[in-house]
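Below is one structure, written out as structure tokens, with a few remarks after it.
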Amino acid sequence: MAGNYRASGGELRLRHKVVSIAKHGVVWTVVTKRGQVFRTKQVILNAPIHNIFTLMEPELHQRLPIKEHKEKQKEAWGAFTLYIGANPSFMMPEASSIPFHQFISSYESPLSEGNQFLFSISQEGDTKFAPSGKRSITISTHTNVDKWWDRGTYENRKEAYMEKIIGSIDRKFPTFSSNIVVKMAGTPVTFKRYTQRAYGKVGGYIPKSKYSLFKSYSPNSRVGGLWFCGDTVFPGAGSLGSSLSGWMVADAIIGKNPGQGM
């Protein structure tokens, strides 16, 4: 992604945390923690909606159709993730070439908190993900973020989730746990620390009905020159939904500014 962005003429700056976004006339001013100031007529914000009210100057809040108190009332997902390096011998031959699996322990329980999780495994020979002869595995389950901020129970909870998930995999692949070489867990606390997402929320809002998608926030902020993309705006969470929101924004900007691109 970074390579494609640079090849398209973009300038990528890492570890430049944005701390303030303001608008003066038609010009947006973006300030980083390092004190750098950027001025532009278009801002595309891929931070989640959960973060926008701490990033924007207060006078902008009233101009947004998204209201802070209502946004905070919307329930949003967090994620518990597990990253594993393993010997691939635990997999049956017929499953070894299948990169994605879904595990559900009980259809009578909510599809979250380790009862349901997604399991992705790197393919044989892909040494970008794992050394030769090993496989890397990424596991993710939805979780409620609130419980993870009780630091008194944090470590025990993390261990319990790891045991629950690995136990589920062992029922499908009985030698899985004995073939683990390394494992690392990620929680909402991890997401907050490394990605700055408010409260560690990731994965968008929790759908409450079959019409939830049509109640999503628009990528168009309705404030001239400000756009949103990512898992908290239409068309929703996931790699595909987040990518599509960015595509929609790009098309909208190019359409409004022919020849200028982004």
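The condition of being open to solvent by 80 Å² or more (accessible area, probe 1.4 Å) and either without any contact (Cβ under 8 Å) to a residue 60 or more places away in the chain or within 25 Å of SER239 (Cβ to Cβ) (or both) does not hold for LYS147.
For every residue, the table says whether it meets (1) surrounded by 17 or more Cβ atoms within 10 Å (Cβ to Cβ); (2) within 18 Å of ILE139 (Cα to Cα).
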residue: LYS158; (1), (2): yes, yes
residue: MET162; (1), (2): yes, yes
residue: ILE169; (1), (2): yes, yes
residue: VAL181; (1), (2): no, yes
residue: GLY186; (1), (2): yes, yes
residue: LYS201; (1), (2): yes, yes
residue: ILE206; (1), (2): no, no
residue: SER212; (1), (2): no, no
residue: VAL223; (1), (2): no, no
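The set of residues in region 25-73 that are touching a residue at least 40 places away in the same chain (Cβ under 8 Å), open to solvent by 60 Å² or more (accessible area, probe 1.4 Å) and under 30 Å from MET184 (Cα atoms) contains only ASN46.
With respect to SER212, determine if the residue is without any contact (Cβ under 8 Å) to a residue 12 or more places away in the chain and among the hydroxyl-bearing types (Ser, Thr, Tyr). Yes.
Within region 115-143, being part of a loop (DSSP other than H, G, I, E, B), open to solvent by 30 Å² or more (accessible area, probe 1.4 Å) and not β-branched (Val, Ile, Thr) holds for GLN123, GLU124, GLY125, ASP126, LYS128, PHE129, PRO131, SER132, GLY133, LYS134. Whether a residue is more than 15 Å from TYR83 (Cα to Cα), open to solvent by less than 80 Å² (accessible area, probe 1.4 Å), assigned to a loop (DSSP other than H, G, I, E, B) and out of contact with any Ser or Thr (no Cβ under 6 Å at 6 or more places or on another chain) was assessed, and SER109 passes this test. Criterion applied to GLY9, GLY85, GLY3 was being farther than 24 Å from ILE254 by Cα and either open to solvent by less than 20 Å² (accessible area, probe 1.4 Å) or free of Cβ contacts under 8 Å to residues at least 24 places away in the same chain (or both), and the one residue passing it is GLY85.
The values are calculated or read from the model by the stated rules, or taken from the named source; none is laboratory data. Nothing here was measured: the structure is a model prediction, and the numbers come from that model. No Cβ is skipped: glycine too gets one built from the backbone with ideal geometry, and neighbour counts run over all protein chains shown. What goes into the accessible areas is simple: the full protein's heavy atoms, side chains included, and nothing from ligands, DNA or RNA. Shrake-Rupley method; radii C 1.70, N 1.55, O 1.52, S 1.80 Å.
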